[in-house]
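The next block holds one structure in the form of structure tokens; read it before the comments.
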Amino acid sequence: MQANDGDELLVWGDGSTERDLLHVDDVVSFIHKAISNQEKKYELYNAGYGSSFSVKQIVEMIIEESGKNLKIKHDLTKPSINTKLALLSDKAEKEIGWKANISIKEGIKKTIEWWYNNTNGEQT
């Protein structure tokens, strides 16, 4: 999706739902460490940054990083699920030596840079 200055970004619900997000580089790092370092087969691990962010916060960070003048419009006819999800990855750090390294802001910046570099800023 490409947004121009002055456009509105539609957010379902009130934006209060919170999630723990990982950048793809951290996911790949986790998979590599799990395959390479786990001692017991089929061990279960959480892979998370350890902090949750609301949908509204995430959209605001995307707008800020984009450098565009965009407005948020909430579609309150769509559901808001008032939940907060953050994962503790202590076991993964202790047993396989993995920890998330890319913050939500850095991940958004890297994603926007990737998009511009790989699409020439064109809508896909």
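When every residue of region 55-64 is checked against the conditions, at least one turns out to be crowded, with 16+ Cβ neighbours inside 10 Å, within 20 Å of VAL24 (Cα to Cα) and in contact with a Ser or Thr (Cβ under 6 Å, 6 or more places away or on another chain). Pairs linking a residue in region 67-86 that is touching a residue at least 40 places away in the same chain (Cβ under 8 Å) and of a type in the set (Ser, Thr, Tyr) to a residue that is assigned to a strand (DSSP E or B) and surrounded by 11 or more Cβ atoms within 10 Å (Cβ to Cβ), with Cβ atoms under 9 Å and 6 or more positions apart or on different chains, are SER80/TRP12; SER80/HIS74; THR83/GLU18; THR83/ARG19. Report yes if SER51 is under 16 Å from the mean Cα position of the chain (by Cα), farther than 20 Å from TRP115 by Cβ and crowded, with 17+ Cβ neighbours inside 10 Å, otherwise no. Judged against the criteria, SER51 is not a match. In region 4-27, the residues that are touching a residue at least 40 places away in the same chain (Cβ under 8 Å) reach residues that are part of a helix (DSSP H, G or I) and β-branched (Val, Ile, Thr) with C-beta atoms within less than 7 angstrom, at least six apart or across chains, in these pairs: LEU9/VAL59; VAL11/VAL55; VAL11/VAL59; GLY15/VAL55; GLY15/VAL59; THR17/VAL55; LEU21/ILE104.
For ILE108, the requirement of being in contact (Cβ under 8 Å) with a residue 12 or more places away in the chain, out of contact with any His (no Cβ under 8 Å at 6 or more places or on another chain), within 29 Å of GLN2 (Cα to Cα) and of a type in the set (A, V, I, L, M, F, W, C) is met.
Yes/no per residue for (1) more than 16 Å from the chain's Cα centre (by Cα); (2) under 16 Å from TYR45 (Cβ atoms):
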{"residue": "ILE81", "(1), (2)": "yes, no"}
{"residue": "LEU87", "(1), (2)": "no, yes"}
{"residue": "GLU93", "(1), (2)": "yes, yes"}
{"residue": "ALA100", "(1), (2)": "no, yes"}
{"residue": "GLU106", "(1), (2)": "no, no"}
{"residue": "GLU113", "(1), (2)": "no, no"}
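Of all the listed residues (GLU39, GLU64, GLU43), the sole one being out of contact with any strand residue (DSSP E or B) (no Cβ under 9 Å at 6 or more places or on another chain) and more than 25 Å from SER89 (Cβ to Cβ) is GLU64.
Rule-based calculations on the coordinates, nothing more; no lab input. None of these values were measured; they are calculated from a predicted model. Every residue, glycine among them, receives a Cβ derived from its backbone with ideal geometry; neighbour counts consider all protein chains shown.
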